[in-house]
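Structure first, commentary second.
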Amino acid sequence: MGEMAKKIAKLDLETLVNHLNQAYAEEWLAYYQYWLGAKMAAGINRPAVVAEFEEHAAEELKHADWLADRIVQLGGIPALSPEDWMKLSHCKYMPPKNPDVHVLLEQNLEAERCAIGRYEGICDMTHGHDYETFRIAEKILKEEIEHEQEVEDFINDLEMLKKM
C-alpha cells in the first residue's frame, strides 16, 4: 500500500485484511456452490436456473479476484487453500446433496443473505476511512443484493408453478 494511501486509511489494516480474507473465502465457496449446483440441478425450470447459477458463479469468482487484489494491495496474503476458506468463512457452504432446483435455490438464498451482511459490514467499516476498499465492497454488495432478488424471483416462480 502506498504512503498516501496508508495516511488516509484510518483503520487497523490487519483487522481489515482479516475481514477481506473472510469475504474472499466466502466468495470462493459461493462460486463453488453455484458452479456445482449448476451441474447437479434437476427439476422444474432447470435450464433457466442453471443459466442463473452459472452467471452467479462467474460473478462470485470475479468478487474473489477483486478481493485478492485488494488484500495484496493492503500488504496481506489471500487465504491460500480451500481448508483456509472453510475455517475463515462465516457463511455456510452447502453441498448440493439434493439436486432439486427449489432446494438449491433456498440454499443459495441463505448464502446471498449472509454475503449481503458481510459486505454491509465492510462498507460500514471502511466508509470515510478506506475509499478503495469501500468502493469494492459497495460494488460487490450491489451485485449480492441483485443475486438475492434473482434467487427470490425464481423461488416465487416455482411456488406459482406448484399452485397451477
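Quick one: in the stretch 20-48, which of the residues that are buried (at least 22 other Cβ atoms within 10 Å of the Cβ) and hydroxyl-bearing (Ser, Thr, Tyr) is nearest to Ala58 (Cα to Cα)?
Checking each candidate, the answer is Tyr34.
Can you find a residue in the stretch 130-139 that is outside any helix (DSSP H, G or I) and more than 18 Å from Tyr32 (Cα to Cα)?
So far as the stretch 130-139 goes, yes, one or more of its residues are outside any helix (DSSP H, G or I) and more than 18 Å from Tyr32 (Cα to Cα).
Looking at this structure, is Glu14 among the charged types (D, E, K, R), more than 17 Å from Leu141 (Cα to Cα) and in a helix (DSSP H, G or I)?
For Glu14, the condition - among the charged types (D, E, K, R), more than 17 Å from Leu141 (Cα to Cα) and in a helix (DSSP H, G or I) - is met.
Give the residues of the stretch 63-79 that are assigned to a loop (DSSP other than H, G, I, E, B), surrounded by fewer than 19 Cβ atoms within 10 Å (Cβ to Cβ) and at pLDDT below 95, sorted by residue number.
Hit for the stretch 63-79 is Gly75, nothing else.
What pairs come out if I take residues in the stretch 132-154 that are closer than 11 Å to Leu109 by Cα and in contact (Cβ under 8 Å) with a residue 40 or more places away in the chain and pair them with residues that are of a type in the set (Lys, Arg) and surrounded by fewer than 19 Cβ atoms within 10 Å (Cβ to Cβ) whose C-beta lies under 8 Å away, six or more apart or interchain?
Close Cβ pairs (under 8 Å, with a partner that is of a type in the set (Lys, Arg) and surrounded by fewer than 19 Cβ atoms within 10 Å (Cβ to Cβ)) do not exist here.
Looking only at residues in the stretch 93-129 that are touching a residue at least 40 places away in the same chain (Cβ under 8 Å) and outside any helix (DSSP H, G or I), which one is nearest to the chain's Cα centre (by Cα)?
Tyr93
Scan the stretch 121-154 for residues that are of a type in the set (Phe, Trp, Tyr) and under 21 Å from Val49 (Cα atoms) and jot them down.
Across the stretch 121-154, the qualifying residue is only Phe154.
Every residue in the stretch 106-164 that is of a type in the set (A, V, I, L, M, F, W, C) and loosely packed, with under 13 Cβ neighbours inside 10 Å, please.
Met160, Leu161, Met164
Is it true that Leu11 is surrounded by fewer than 17 Cβ atoms within 10 Å (Cβ to Cβ), in contact (Cβ under 8 Å) with a residue 60 or more places away in the chain and among the hydrophobic types (A, V, I, L, M, F, W, C)?
Answer is yes for this residue.
Please go through (1) surrounded by 13 or more Cβ atoms within 10 Å (Cβ to Cβ); (2) in contact (Cβ under 8 Å) with a residue 60 or more places away in the chain for Glu60 and return the number of the only condition it doesn't satisfy.
In the conditions (1) surrounded by 13 or more Cβ atoms within 10 Å (Cβ to Cβ); (2) in contact (Cβ under 8 Å) with a residue 60 or more places away in the chain, Glu60 misses (2) alone.
The values are calculated or read from the model by the stated rules, or taken from the named source; none is laboratory data. Since we're looking at a predicted model, the values are computed, not measured. Glycine gets a Cβ as well: all are built from the backbone with ideal geometry, and neighbour counts include every protein chain shown.
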